[in-house]
Amino acid sequence: MAQTPAHRRGLLIILSSPSGAGKSTLAKRLRAWDEDISFSVSATTRKPRPGEVDGQDYNFVTVDSFKHDVAHGEMLEHAHVFGNFYGSPKAPVQEAINAGRDVLFDIDWQGAQQITNSDLGKHTLSIFLLPPSITELRRRLESRGQDDPETIQRRMQKSWDEISHWGSYDHVLINEDLDETEDNLRTIIKATRLRRIQQPTLIEHARHLQQEFDELT
């Protein structure tokens, strides 16, 4: 399905959406579709929760270590949330890009901007998922049965804050039907993998064509 690592560079696939728009489900489907797509493992200064595995769910680090990495440009994006730091380490992402593997980021618009503006920004593909309507978004949040009305209202306000930044993304999809949206995501990813900058062997191929042309003429 995917090209071999020797023929392309990996993508930084940024997938953002308000809560309830189907992002988590679609992210899982993308990983099932192509084994060359893996989740970025974030670093955090918070303590592990029961069942969480270091290096798999998160990279659990100290505050000093996290601040050191930020100061030395070793985080693609970072944020301070509810008293803890979260961020995306740069080194494993760079390694994946060089090996032709795609890295999927489940982050908000602020993290997306940081990654897009980083020195790896030329390899990013940012996609925002919109719900078909605000009414449907609220219905999806309520159908989970996990939150009380007050919490749902807070989530709705946060969702609107997220939606207001849709215009800063490369592609925007209205997720009315999961299967159709998944098909569109696959199409976008396959097309972006063919961007000139993602194909490091093109220059050498062009040189061979020039050499062949010169020999024949």
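Somewhere in region 149-164, is a residue outside any helix (DSSP H, G or I), in contact with a Ser or Thr (Cβ under 8 Å, 6 or more places away or on another chain) and not polar (S, T, N, Q)?
So in region 149-164, the residues outside any helix (DSSP H, G or I) come out as 164.
So of that shortlist, the ones also in contact with a Ser or Thr (Cβ under 8 Å, 6 or more places away or on another chain) come out as none.
Within region 149-164 (the criterion being outside any helix (DSSP H, G or I), in contact with a Ser or Thr (Cβ under 8 Å, 6 or more places away or on another chain) and not polar (S, T, N, Q)), the answer is no, since none of the residues qualifies.
If you go through region 21-28 one residue at a time, do you hit one that is within 26 Å of residue 144 (Cβ to Cβ), over 15 Å from the mean Cα position of the chain (by Cα), assigned to a helix (DSSP H, G or I) and at pLDDT 95 or above? Walk me through how you get there before you give the answer.
Within region 21-28, the first condition is being within 26 Å of residue 144 (Cβ to Cβ), and the residues that meet it are 21-28.
Checking which are over 15 Å from the mean Cα position of the chain (by Cα) leaves us with 21.
Keeping just the survivors that are assigned to a helix (DSSP H, G or I) gives none.
No, there is no match, as no residue in region 21-28 is within 26 Å of residue 144 (Cβ to Cβ), over 15 Å from the mean Cα position of the chain (by Cα), assigned to a helix (DSSP H, G or I) and at pLDDT 95 or above.
In region 7-19, what residues are out of contact with any Ser or Thr (no Cβ under 7 Å at 6 or more places or on another chain) and not in a strand (DSSP E or B)? Let's see the steps before the verdict.
Step one: list which residues in region 7-19 are out of contact with any Ser or Thr (no Cβ under 7 Å at 6 or more places or on another chain), which gives 8-10, 13, 15-17.
8, 9, 10, 17, listed by residue number.
Answer with yes or no whether residue 173 is over 30 Å from residue 70 (Cα atoms) and in contact with a Lys or Arg (Cβ under 7 Å, 6 or more places away or on another chain). Outline the logic, then answer.
Numbers: over 30 Å from residue 70 (Cα atoms): yes; in contact with a Lys or Arg (Cβ under 7 Å, 6 or more places away or on another chain): no.
Spelling it out, it is not the case that residue 173 is over 30 Å from residue 70 (Cα atoms) and in contact with a Lys or Arg (Cβ under 7 Å, 6 or more places away or on another chain).
Quick one: would you say residue 49 is basic (Lys, Arg) and over 28 Å from residue 34 (Cβ atoms)?
Working: basic (Lys, Arg): yes; over 28 Å from residue 34 (Cβ atoms): yes.
It is true that residue 49 is basic (Lys, Arg) and over 28 Å from residue 34 (Cβ atoms).
Which of the residues that make up region 19-38 are surrounded by 15 or more Cβ atoms within 10 Å (Cβ to Cβ), under 25 Å from residue 9 (Cα atoms) and hydrophobic (A, V, I, L, M, F, W, C)?
The answer is 26, 27, 30, 33, 37.
Would you list the helices (runs of 4 or more DSSP H) that sit entirely within region 42-128 and hold 2 or more residues that are in contact with a strand residue (DSSP E or B) (Cβ under 7 Å, 6 or more places away or on another chain) and in contact (Cβ under 8 Å) with a residue 40 or more places away in the chain?
Counting at least 2 such residues, we get 90-98, 109-116.
Exactly one of these conditions fails for residue 134: (1) in contact with a Ser or Thr (Cβ under 9 Å, 6 or more places away or on another chain); (2) of a type in the set (Val, Ile, Thr); (3) in contact (Cβ under 8 Å) with a residue 40 or more places away in the chain. Give me its number.
(3) is the only condition that residue 134 fails.
Which condition does residue 131 not pass, out of (1) out of contact with any Leu (no Cβ under 7 Å at 6 or more places or on another chain); (2) within 23 Å of residue 186 (Cβ to Cβ), if it passes all the others?
Tallying (1) out of contact with any Leu (no Cβ under 7 Å at 6 or more places or on another chain); (2) within 23 Å of residue 186 (Cβ to Cβ), residue 131 fails exactly one: (1).
Take the residues in region 195-212 that are touching a residue at least 60 places away in the same chain (Cβ under 8 Å) and more than 18 Å from the chain's Cα centre (by Cα); name whichever of them is farthest from residue 112 (Cα to Cα).
Filtering region 195-212 down to residues touching a residue at least 60 places away in the same chain (Cβ under 8 Å) leaves 197-201.
Checking which are more than 18 Å from the chain's Cα centre (by Cα) leaves us with 197, 199-201.
Working: 197: 20, 199: 23, 200: 25, 201: 28 Å.
In this case the residue turns out to be 201.
Since residue 188 meets every condition but one in (1) surrounded by 15 or more Cβ atoms within 10 Å (Cβ to Cβ); (2) farther than 25 Å from residue 80 by Cβ; (3) at pLDDT 95 or above; (4) touching a helix residue (DSSP H, G or I) at 6+ places or on another chain (Cβ under 8 Å), which condition does it not meet?
(4)
Could you say whether any residue in region 181-192 is farther than 27 Å from residue 33 by Cα, of a type in the set (S, T, N, Q) and touching a residue at least 40 places away in the same chain (Cβ under 8 Å)?
Here is the first cut: in region 181-192, the residues farther than 27 Å from residue 33 by Cα are none.
Checked region 181-192: no residue is farther than 27 Å from residue 33 by Cα, of a type in the set (S, T, N, Q) and touching a residue at least 40 places away in the same chain (Cβ under 8 Å).
The values are calculated or read from the model by the stated rules, or taken from the named source; none is laboratory data. From a predicted model like this one, the values you see are computed outputs, not experimental measurements. A quick note on method: Cβ atoms are made from the backbone with ideal geometry, for glycine too, and the neighbour counts reach across all protein chains shown.
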